[in-house]
């Protein structure tokens, strides 16, 4: 018999130790907990980090990290009237980004005390969400559909990875990408440079981070339902000294024009958050070069993969060497709400051609 607790308090050190075996099972290490701890310190008015705990005989058996989102009209519609109407209706939903780990500081596979029984505990926790929420969205690998009995399913953008185990050297990686040498030359000639900062950013760098973040949000096709929380969590993690977090920072004439933060965990490099100053006329291919710098770092460190989250632009699509099909799994305790949102979302921009073209590719 399982009991459940939904809380806005993160795990204690004693509680995280329960999932040590599961971290090994997933190829992760304990560094993820500090990232999640920062995430739980970053809640904003309309988006709140939550933890769903499952207990068996009063012992903690599993946890899922969620976000409770409200006022997400802008994520669905560019039209201000339609976006405003969605915000007025104000139906909150729980979001579990289940693929990867620490993407946007919140993605997580869930954590189970017994790795071999993890699917069973996650099914039970998904059932709890289904029976107790007006709306729950789970973004997971399509191949995991077995976990989502009775869910409504919509296509999502694929998961972007660089599989370093197939790359002999950084030169071999670079040769696979057209015009990359020319782009590197142009960036350098424009006084462009990359630097790797470990663990923490200073106040001046945080100001640049926020500028890049806001410029990206203003010019992107995408507006995340947790956009404000994402920025707040990025600022919180970046101002906190966290071991094995690396900041790949692009500069032109010593001015920061973009960055990517990433966590080295186990044999993986997982992107936490990143942005470029999209208000500039050009960044001289700095985003393309970011993939080279991160791949070079991963190869030097002997890592197996680099996790870049969802494929959301042409540059990411061409610079990775592996992608995995994803889906949205939708639940509600009210059957009519679940079906209605499944139909409704097909009319929104998250299922529109501009966003879903990378799924189609």
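Just so you know, all these numbers are worked out from the coordinates, no wet-lab data involved. It should be emphasised that the depicted structure is a prediction, and the values quoted were computed from it without experimental measurement. Methodologically, a virtual Cβ is constructed for each residue, glycine included, from the backbone with ideal geometry; neighbour enumeration extends over all protein chains shown.
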Given q = 0.08 Å⁻¹, what are the Debye log10 I(q)/I(0) values for segment 160-322, with equal point scatterers placed on the Cα positions and solvent ignored? -0.22
Rg/Rh for segment 163-202, where both radii come from Cα atoms and Rh is the Kirkwood radius: 1.10
Between residue 198 and residue 218, what length comes free when the chain is fully extended (0.36 nm per residue of separation minus the Cα-Cα distance, one decimal in nm)? 4.4 nm
Take each of the peptides 264-272, 150-158, average the number of other beta-carbon atoms within 10 Å over its residues, and list them starting from the highest. 264-272, 150-158
What is the distance in Å between the Cα centroid of segment 189-215 and that of segment 127-182? 27
√(5λ) per eigenvalue of the Cα gyration tensor, segment 9-60, largest first, Å: 22, 16, 9
Going by how many other beta carbons lie within 10 Å of each one, how would you line up 177, 285, fewest first? 177, 285
Rounded, prolate or oblate for segment 91-138? Axes are the square roots of the Cα gyration tensor eigenvalues, ordered a ≥ b ≥ c, and the cut-off for rounded is a/c under 1.5. oblate
Simple spin-label model, 7 Å along Cα-to-Cβ: residue 132 to residue 56 in nm? 1.8
Normalised by the empirical 2.2 N^0.38 Å for globular proteins, what value does the Cα Rg of segment 266-338 take? 1.51
Angle check, please: helix 80-89 long axis (alpha carbons) against the longest principal axis of the chain (alpha carbons), in degrees 0 to 90, nearest 10. 30
MRE, 222 nm, helices only [DSSP H, n ≥ 4, -39500 (n - 2.57), over the chain, to nearest 500]: -10500 deg cm²/dmol
So what's the chain giving for Rg/Rh, alpha carbon basis, Kirkwood Rh from the mean inverse pair distance? 0.96
